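> Just passing along the structure, written as structure tokens.
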Amino acid sequence: MNLSAVGIVYRKEFREWVRDRRTLISTVLVPLFLFPVMMVGFSALAVVMVGKAEKETPKIMVLGGEDSPQLLASIRKLDSLEIVPYAGNWKDQISNKDIRAAVEIPKNFEKSLTTSNSESVKIYFYDGEMKSSFGANRIEKFLKDYRDAVVKDRLAAKNLPASVLAPFSIKQENVAPPEKVSGATFGSFIGYTVIILCMTGAMYPAIDLTAGEKERGTMETILSSPISRLDLVCGKFLLVFSASLATAILSVISMGGSFAILGHTSLMNSSSGGQTLALNLGLLSIVAVFLMALPLAFLFSAVLMTIALFAKSYKEAQSYLTPMTFLIVIPAVASVMPGVELTPKLALIPILNTSLVCKEIITGTYHWNSIALIFVSTCVYAGVALFLAFKTFQRESVLFRS
Amino acid sequence: MIEARGLSKRFHDKKRGEIRAVDNVSFRCEPGRIYGLLGANGAGKTTTLRMLATILEPTDGTAVICGYDVVEDPEKVRANVGFLSTATALYPRLTAQELVEYFGRLNGLDEATLKKRLDVIFNRLDMNSFRDRRCDKLSTGMKQKTSIARTLVNDPPVMIFDEPTLGLDIMTARTITAFIRECRDRGKTVIFSTHIMSEVEKLCDVIGIIHDGKLLTEGTLTELREKYGEQDLEEIFVKIVTPLQSQVEV
């Protein structure tokens, strides 16, 4: 291999790459702006929606309860609920969002309180519909308070202290450091995004430098120059790899920035029950995530280039690579699923392993054995992929497909 | 100097089976002469020239160019060959100057030599007005000049032209034919392929007629006229490539 020839190819490809507007979009604009905008936008939207739903006074219908006037009266007194008169089509009204929930009070409910019969009060709501759940929760809370009051009365009637029912209390306390708590929530998201962007960053130049070159007719020009095909592939590969890395770096920077902004705004802290979004990404974990993404970017670059080389045109290459993106996205998504943990077997599955280890790294856990295993195995896959790219570039039937 | 020795190229096609694109072709091209490879579309001209330029590897046989074997030393062969065809396009996002520089560097020229060569070439081809313009903004004529400049940058002793005038207007085509003559006058070995009879008559010192991958005959125009008893090259060509049909007609 002739390094200076590789360098000549690399510099020329870099120059063309920088001059391409499509590059600007896929490498710079998308990672720098699209993701932060999406993240900030979605979370802001979610906050607004939840806030709106919480502010609403849900309409609740009471079914039955004519023989339980005391209960009815206290329900009606509630400010947090709006009680609507009974209608036979209450189920449809819930489905149509005319009312949020309905509560069914069994016959002789108040009478049963004085006996030992235990009746059940039913709450009807539309599962999955946020506002309906909120309505149901409020009426449930009221009923629980009401039940507690009844219990208290019963205990008082029998001259028993309230502690009879609560001989001891239970409390959960968190020992994980704060960055682990927020990391567990967002760590998987960061690894996932870096992986996806490594791929999108590599995809466009991988097509442009192979199928694009065939389509424009410059393949024959370059093949007639004295450069060896090995040097040519190396130069091209290095450019695709740099594009992939550049996209990853920019995305990590912009994500760090947008988390910092999110953490400082009170937006997220106000209504979401004190759970903060602020993510204290240490410099070490950022560097570690980046290092783990390195062999993966290498692998993507080699694989995408090899596949795109088979195509005769840009369009054809895109139609080959679109299914490929699903193959890459699926393991990345799988790692975000709750409960998917890094095991020695999973550590050998490319993409999934990196995504999982990034999740661990961001939560501050460093299992050096699995980190080494993942790094080495991904390097091996990447090496095989690069070898395949070289081999493919030697095949006339691929270079001059007609 | 080009010497093809039993050059053959076979392709495998799923539907048609084995295709002999070029079948045992041998010829010699001398320095200072233009060898014209005349043939219909699909006769094997492009494949032959691509093998000479080491873009394709021969299935059998070989060729020796400037003392280097196309199979053994493809990179050395390419360093001695300028290859130009209508398929050899330019990089759209590079300027004319950057493109020529790129190929100069790939040919191992150092920066000082490269700069001198560029000035000489751009002056000679009258390219200074558009040397800093991107190739995708050039007219067809300017593109052809840039392609010529690309092949000239390392001043190779052998020039291979594959249907260089295909699809060009008359004025642009004349730039190319003038360039081909100039190459010969400078003592280069020139081979070019075409299916246009008039180009062959005007340019070629030696003519090779290729059909179905086989080199059927070769010689100077005068030799061919004597051998086949016809004045018109087109008649000669038809006589050679359709011997069976003409016998039936007779």
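The values are calculated or read from the model by the stated rules, or taken from the named source; none is laboratory data. These numbers were taken from a predicted model, which means no experiment stands behind them. Here the Cβ positions follow ideal geometry from the backbone for every residue, glycine too, while neighbour counts run over all protein chains shown. These area figures cover heavy atoms from the full protein model, side chains too; ligands, DNA and RNA do not enter into them. Shrake-Rupley method; radii C 1.70, N 1.55, O 1.52, S 1.80 Å.
> Quick check on segment B:84-100. Is at least one of its residues over 27 Å from B:Phe27 (Cβ atoms), open to solvent by 20 Å² or more (accessible area, probe 1.4 Å) and assigned to a helix (DSSP H, G or I)?
yes
> In segment A:341-362, which residues are surrounded by fewer than 21 Cβ atoms within 10 Å (Cβ to Cβ) and free of Cβ contacts under 8 Å to residues at least 24 places away in the same chain?
Selection gives A:Glu341, A:Thr343, A:Lys345, A:Leu346, A:Ile349.
> Look at segment A:17-61 and say how many of its residues are in contact with a Phe, Trp or Tyr (Cβ under 7 Å, 6 or more places away or on another chain) and among the β-branched types (Val, Ile, Thr).
Total satisfying the criteria: 1.
> I need the full set of residues from segment B:106-130 which are within 14 Å of chain A (Cβ to nearest Cβ) and either under 24 Å from B:Thr165 (Cβ atoms) or open to solvent by less than 60 Å² (accessible area, probe 1.4 Å) (or both), in order please.
B:Leu106, B:Asn107, B:Leu109, B:Leu114, listed by residue number.
> Looking only at segment B:38-53, count every residue that is open to solvent by less than 10 Å² (accessible area, probe 1.4 Å), assigned to a loop (DSSP other than H, G, I, E, B) and among the hydrophobic types (A, V, I, L, M, F, W, C) and tell me the total.
Qualifying residue count, segment B:38-53: 2.
> Among the residues of segment B:12-46, which ones are among the hydroxyl-bearing types (Ser, Thr, Tyr) and modelled with pLDDT under 95?
Within segment B:12-46, B:Thr46 is the sole residue that qualifies.
> Does segment B:144-162 contain any residue that is over 25 Å from B:Ile191 (Cα atoms) and among the hydrophobic types (A, V, I, L, M, F, W, C)?
No; the residues of segment B:144-162 include none that is over 25 Å from B:Ile191 (Cα atoms) and among the hydrophobic types (A, V, I, L, M, F, W, C).
> Give the residues of segment A:85-115 that are buried (at least 16 other Cβ atoms within 10 Å of the Cβ) and more than 30 Å from A:Ala157 (Cβ to Cβ), sorted by residue number.
Across segment A:85-115, the qualifying residues are A:Trp90, A:Gln93, A:Ile94, A:Ile99, A:Arg100, A:Ala101, A:Ala102.
> How about segment A:116-134: which of its residues are outside any loop (DSSP other than H, G, I, E, B) and either open to solvent by 80 Å² or more (accessible area, probe 1.4 Å) or closer than 14 Å to A:Ala102 by Cα (or both)?
A:Lys122, A:Ile123, A:Tyr124, A:Phe125, A:Lys131, A:Ser132, A:Ser133, A:Phe134
> Continuing with this model, one more query. Identify, please: which residue in segment A:1-49 is assigned to a helix (DSSP H, G or I), within 13 Å of another protein chain (Cβ to nearest Cβ) and among the polar types (S, T, N, Q) and is, among those, nearest to the chain's Cα centre (by Cα)?
It comes out as A:Thr23.
> In segment A:219-244, which residue that is in contact (Cβ under 8 Å) with a residue 12 or more places away in the chain and among the hydroxyl-bearing types (Ser, Thr, Tyr) is most open to solvent (accessible area, probe 1.4 Å)?
A:Ser242
> Out of all the residues in segment B:14-37, is one or more part of a helix (DSSP H, G or I), closer than 21 Å to B:Phe192 by Cβ and of a type in the set (Lys, Arg)?
Checking segment B:14-37: not a single residue is part of a helix (DSSP H, G or I), closer than 21 Å to B:Phe192 by Cβ and of a type in the set (Lys, Arg).
> Go through segment A:363-399 and report how many residues are in contact (Cβ under 8 Å) with a residue 24 or more places away in the chain and either of a type in the set (A, V, I, L, M) or closer than 30 Å to B:Thr54 by Cα (or both).
Here the count works out to 14.
> In segment B:65-83, which residues are outside any helix (DSSP H, G or I) and of a type outside the set (Gly, Ala, Ser)?
If the condition is that a residue be outside any helix (DSSP H, G or I) and of a type outside the set (Gly, Ala, Ser), then B:Ile65, B:Cys66, B:Tyr68, B:Asp69, B:Val70, B:Val71, B:Glu72, B:Asp73, B:Asn80, B:Val81, B:Phe83 are the ones that fit.
> Is it true that A:Val398 is within 14 Å of chain B (Cβ to nearest Cβ), open to solvent by less than 60 Å² (accessible area, probe 1.4 Å) and either out of contact with any Pro (no Cβ under 6 Å at 6 or more places or on another chain) or of a type in the set (A, V, I, L, M) (or both)?
Spelling it out, A:Val398 is indeed within 14 Å of chain B (Cβ to nearest Cβ), open to solvent by less than 60 Å² (accessible area, probe 1.4 Å) and either out of contact with any Pro (no Cβ under 6 Å at 6 or more places or on another chain) or of a type in the set (A, V, I, L, M) (or both).
Residues are listed down the side, and each one gets a yes or a no for (1) more than 10 Å from chain B (Cβ to nearest Cβ); (2) within 15 Å of A:Ile8 (Cβ to Cβ); (3) among the aliphatic types (A, V, I, L, M); (4) in contact with a helix residue (DSSP H, G or I) (Cβ under 6 Å, 6 or more places away or on another chain):
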{"position": "A:Tyr204", "(1), (2), (3), (4)": "yes, no, no, yes"}
{"position": "A:Ile207", "(1), (2), (3), (4)": "yes, no, yes, yes"}
{"position": "A:Glu215", "(1), (2), (3), (4)": "no, no, no, yes"}
{"position": "A:Met219", "(1), (2), (3), (4)": "no, no, yes, yes"}
{"position": "A:Ile222", "(1), (2), (3), (4)": "no, yes, yes, no"}
{"position": "A:Ser225", "(1), (2), (3), (4)": "no, yes, no, yes"}
{"position": "A:Val240", "(1), (2), (3), (4)": "yes, no, yes, yes"}
{"position": "A:Ser244", "(1), (2), (3), (4)": "yes, no, no, yes"}
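> Being touching a strand residue (DSSP E or B) at 6+ places or on another chain (Cβ under 6 Å), more than 11 Å from chain A (Cβ to nearest Cβ) and either part of a strand (DSSP E or B) or farther than 18 Å from B:Asp155 by Cβ (or both) is the requirement here; does B:Thr62 meet it?
The answer is yes for B:Thr62.
> More than 23 Å from A:Phe241 (Cβ to Cβ), more than 23 Å from the chain's Cα centre (by Cα) and loosely packed, with under 13 Cβ neighbours inside 10 Å: is that true of A:Pro338 in this structure?
no
> Would you kindly identify the helices (runs of 4 or more DSSP H) lying entirely within segment A:344-400 that contain at least 2 residues that are closer than 20 Å to A:Ile207 by Cβ and of a type outside the set (Lys, Arg)?
A:368-394, A:396-399
> Same structure, new question: Can you tell me how many residues in segment B:163-211 are crowded, with 16+ Cβ neighbours inside 10 Å and small (Gly, Ala, Ser)?
Residues in segment B:163-211 being crowded, with 16+ Cβ neighbours inside 10 Å and small (Gly, Ala, Ser): 3 in total.
> Search segment B:11-28 for residues being free of Cβ contacts under 8 Å to residues at least 60 places away in the same chain and more than 14 Å from chain A (Cβ to nearest Cβ), and hand back the single one that is surrounded by the most Cβ atoms within 10 Å (Cβ to Cβ).
Only one residue tops the list, namely B:Arg28.
> Could I ask something else about it? Counting only residues that are open to solvent by 40 Å² or more (accessible area, probe 1.4 Å), more than 9 Å from every other protein chain (Cβ to nearest Cβ) and not hydroxyl-bearing (Ser, Thr, Tyr), how many does segment B:65-83 have?
5
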